[in-house]
1. For region 86-99, what are the residues that are farther than 18 Å from Ala53 by Cα and assigned to a strand (DSSP E or B)?
2. Which ones in region 1-48 are assigned to a loop (DSSP other than H, G, I, E, B), closer than 28 Å to Ile149 by Cα and of a type in the set (Asp, Glu)?
3. Filtering region 57-71 down to residues that are not basic (Lys, Arg) and not in a loop (DSSP other than H, G, I, E, B), which residue is farthest from Val157 (Cα to Cα)?
4. Specify the residue that is modelled with the highest pLDDT; the eligible residues are those in region 146-181 that are out of contact with any strand residue (DSSP E or B) (no Cβ under 7 Å at 6 or more places or on another chain) and among the aliphatic types (A, V, I, L, M).
5. Answer yes or no: is there a residue in region 120-137 that is free of Cβ contacts under 8 Å to residues at least 12 places away in the same chain, assigned to a strand (DSSP E or B), of a type outside the set (A, V, I, L, M, F, W, C) and in the same structural domain as Ser30 (by TED's automatic domain parsing).
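The values are calculated or read from the model by the stated rules, or taken from the named source; none is laboratory data. Keep in mind that this is a model prediction, so the values were computed, not measured. Backbone-built Cβ (ideal geometry, glycine too); neighbour counts: all protein chains shown.
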Amino acid sequence: MSWGYFLDLELTLPTADWDALQRTTSVDLSSQWWGFEEAGLEHTFGNAGFENAMFKKVFGFWTHGESCVKQVVEDGEQTSVKLILHLDKSGDTQVAGTFAAMVEAAAKVGGTGRIRLVNDGSYSGEDGVEVAIDDGRLVRSRIDGSNEIADQLGAAVYPEMAEEIERYLSPETKKREAAAKKKSAAKTKPAAKKKSAAKKKSAAKKKPAAKKQPAAKKQPAAKKSAAKKPAAKKKPAAKQPAAKGKKKR
């Protein structure tokens with residue numbers, strides 16, 4: 001699983017030394033330069049392939065406003081440099097060594113400022129470290145409670161996301177959401193009643209119809225015919241003897 005730290009660099013150095021310092025590399029950077037307790041973090045943000053890359057080249061990888069804050073302001077004899085990056089473990093953490101070497105070089109010419117690495121909240125380990133220039137010396141300290149700092153740096157690097165979060169948390173947005181919820185709840189209640197009435201109607205339809213009383217059984221046809229008296233038989237007519245014919249003479 002990937003995780004990340006914000007790199008936050010602020011330096012002010014003599015303008016006369018600015019051009020020369022941009023050729024700084026991290027070839028001679030100490031392996032324990034940051035002051036992390038975890039050796040793995042020292043390696044992750046140390047030299048891992050960029051030892052010979054000059055600060056000018058690495059600094060040029062980023063453009064202000066494109067997921068970073070990058071500013072260089074020349075004001076007479078002083079030049080101020082500001083850089084905020086989000087370094088993901090699976091990406092470009094190794095460039096941190098080049099910026100660390102730049103802080104060390106600036107301290108040697110009377111520069112002021114500091115660099116820090118702040119846990120973005122995704123790593124279960126250390127909150128972060130800070131290396132500050134104090135009268136030409138490098139002073140290291142550990143960061144405790146990085147969440148608030150990470151929120152500030154995240155808002156600077158990802159302003160669109162910060163604006164979206166701010167809109168979401170604004171009182172106006174909360175009022176609109178509350179009103180929408182009430183309206184939705186009001187619509188839902190009558191629907192529930194209708195549904196209940198429909199259930200009752202459906203239950204009434206499902207009641208079994210009342211059983212019809214069986215019709216009286218009809219008397220069989222045989223019994224009806226037996227009840228009728230048989231018709232009286234007609235006596236055969238008496239046969240008349242045929243008339244005898246006259247005898248022939």
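1. His86, Asp88, listed by residue number.
2. Glu37, Glu38
3. The extreme case among them is Val58.
4. Among those that are out of contact with any strand residue (DSSP E or B) (no Cβ under 7 Å at 6 or more places or on another chain) and among the aliphatic types (A, V, I, L, M), it is Ala155.
5. Yes, the conditions are met somewhere in region 120-137.
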